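The values are calculated or read from the model by the stated rules, or taken from the named source; none is laboratory data. The model shown is predicted, which means the values in this text are computed figures rather than measured ones. We place every Cβ from the backbone using ideal geometry, glycine too, and count neighbours over all the protein chains shown. When the accessible area is computed, the model is the full protein with side chains, heavy atoms only, and any ligands, DNA or RNA have been set aside. Shrake-Rupley method; radii C 1.70, N 1.55, O 1.52, S 1.80 Å.
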Amino acid sequence: MEPQMDEKIDIELTEMRKSVEKHGSTAEGYSDTTLMRFLIARSMDEDKAAKMFVQWRKWRTAMVPNGSIPESEVPDELEARKIYLQGLSHGKYPVMIVLTRNHFPAKDQIQFKKFVVYLLDKTIASGFKGREIGNEKLIGILDLQNISYKNVDARALITGFQFLQAYYPERLYKCYLLHMPWFFVSVWRLVSRFLEKATLEKIVIVSNDNEERAFIREVGEDVLPEEYGGKAKLVAIQDFQLTPPSEDGPASSL
């Protein structure tokens, strides 16, 4: 990066920190790399980024008061075994797979929202290389194979993507949609209305052999399960063991 660009970014980060304080909060203890995600998400507008950061801190305090969601708070969602965590892609992004045929609309929406936080937090944490840097991203794979109308849940998809947009800015590297049935097209059209342009640009609907080969290359055979042209086995998210963070690293901010 050119020195002038570095200086410009330093100024923007400083202004954002000041703006956070004006909004009655503080960015103390948060790295520039973490704050940059909020700046990028708000097109480098310091005040809008500061507002987003403050809202995120309030949400995080209310939603995750203990710093993480314990599995004991999301038993119904875990029992369905619908989320799988596969390790790191070629580009070193953690790979999460959603088997939508194992999903049914939640009766307990509070538990479902906690589950979204649990799965996003754990997926991102699986990408830490010893300690969190702050710019870690994830790859999501939404497998729509063999779904029926009972599995269709536009509300859940909208919730998941809105959490990503509002509370996990710049955490999504790419999202692949596989095996989309014809009847799901109208559902996806509805969900898409709730997605920001930047999010939509990261979503790839795999619909032919060339796109499937590109998908396998991008993710990597070593982490992709055999069902998707890889060599790995599916690993349920609750069975995936995280590497403990290094002792000298900061606590995860997520």
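Once all Cα-Cα distances of the stretch 61-153 are split into 5 Å bins that start at 0, what whole-number percent is in each one?
3, 12, 21, 22, 20, 14, 6, 2, 0
Taking 0.36 nm per residue of separation and subtracting the Cα-Cα distance, what length does fully extending HIS179 through ILE9 add?
57.0 nm
What is the gain in length, in nm to one decimal, between GLN162 and SER148 on full extension, counting 0.36 nm per residue of separation less the C-alpha to C-alpha distance?
So the chain would gain 2.6 nm between GLN162 and SER148.
Counting helices only, and only those DSSP H runs with n ≥ 4, report the 222 nm mean residue ellipticity of the chain as the sum of -39,500 (n - 2.57) divided by its residues, in deg cm²/dmol to the nearest 500.
Calculated from helices alone, the mean residue ellipticity at 222 nm is -13000 deg cm²/dmol.
For the ranges 228-236, 138-146, what's the packing order if you count other beta-carbon atoms within 10 Å of each residue, average per peptide, and put the highest first?
Those peptides, ordered most packed to least, come out 138-146, 228-236.
Each residue of the stretch 153-162 in turn: what ³J(HN,Hα) in whole Hz from Karplus with 6.51, -1.76, 1.60 and θ = phi - 60°, glycine and Pro shown as x?
For the stretch 153-162, the Karplus curve yields 8, 4, 4, 5, 5, 5, 4, x, 5, 5 Hz.
If the convex hull of the alpha-carbon atoms of the stretch 71-228 is projected onto planes in all directions, what is the mean projected area in square nanometres?
Quarter of the Cα hull surface area: 9.4 nm².
Indicate the gyration tensor shape class of the stretch 169-254 (rounded, prolate or oblate), computed on the Cα atoms with a ≥ b ≥ c the square roots of the eigenvalues: a/c under 1.5 is rounded; otherwise a/b larger than b/c is prolate and the rest oblate.
oblate
When the Kirkwood radius is taken over all Cα pairs of the stretch 129-202, what Stokes-Einstein diffusion coefficient follows at 10 °C and 1.306 mPa s, in µm²/s?
Translational D for this selection: 117 µm²/s.
Mind listing the Cα extents of the stretch 39-104 along all three principal axes, in Å, largest one first?
42, 33, 21
Rg(Cα) of the stretch 1-63 divided by 2.2 N^0.38 Å?
1.09
Order these peptides, 19-26, 64-71, by their mean beta-carbon neighbour count within 10 angstrom, highest first.
19-26, 64-71
For the stretch 1-159, just the Cα atoms, rotate onto the principal axes and tell me the three extents in Å, largest first.
That works out to 53, 37, 29 Å along the principal axes.
Suppose each label sits 7 Å from its Cα in the direction of the beta carbon; what would the LYS129-PHE194 distance come out to in nanometres?
Going by the 7 Å Cα→Cβ label model, 3.5 nm.
Taking amide H positions as placed in the peptide plane 1.01 Å from N, state which residues far from CYS175 in sequence (5 or more) or on other chains have amide H under 5 Å from it.
Amide H neighbours of CYS175, under 5 Å, 5+ apart: GLY140, ILE203, VAL204.
If you keep only loop residues by DSSP, which chymotrypsin sites (Phe, Trp or Tyr not before Pro) in the stretch 66-127 have at most 14 other Cβ atoms within 10 Å of their Cβ?
When the chymotrypsin sites (Phe, Trp or Tyr not before Pro) of the stretch 66-127 are filtered for loop state and at most 14 Cβ neighbours within 10 Å, nothing remains.
What ³J(HN,Hα) values, in whole Hz, does the Karplus curve 6.51 cos²θ - 1.76 cosθ + 1.60 give for the stretch 199-208 when θ = phi - 60°, with x put for Gly and Pro?
3J(HN,Hα) across the stretch 199-208, in whole Hz: 6, 4, 5, 9, 9, 10, 8, 7, 10, 8.
Residue-wise, which Karplus ³J(HN,Hα) couplings in Hz belong to the stretch 73-78, taking 6.51 cos²θ - 1.76 cosθ + 1.60, θ = phi - 60°, and x for glycine or proline?
Values, residue by residue: 8, 10, x, 5, 5, 5 Hz.
In whole percent, how big is the carbon plus sulfur part of the accessible area of the chain, probe 1.4 Å, protein atoms only?
Looking at the chain in its full context, I get 51 percent from C and S.
Find the accessible area per residue for the stretch 1-63; the probe is 1.4 Å, ligands and nucleic acids are left out, and the unit is Å².
Heavy-atom accessible area per residue stands at 61 Å².
What is the sum of charges around ALA214, taking Lys and Arg as +1, Asp and Glu as -1, for the other residues whose C-beta is under 14 Å from the C-beta of ALA214?
After counting each charged neighbour, the total is -2.
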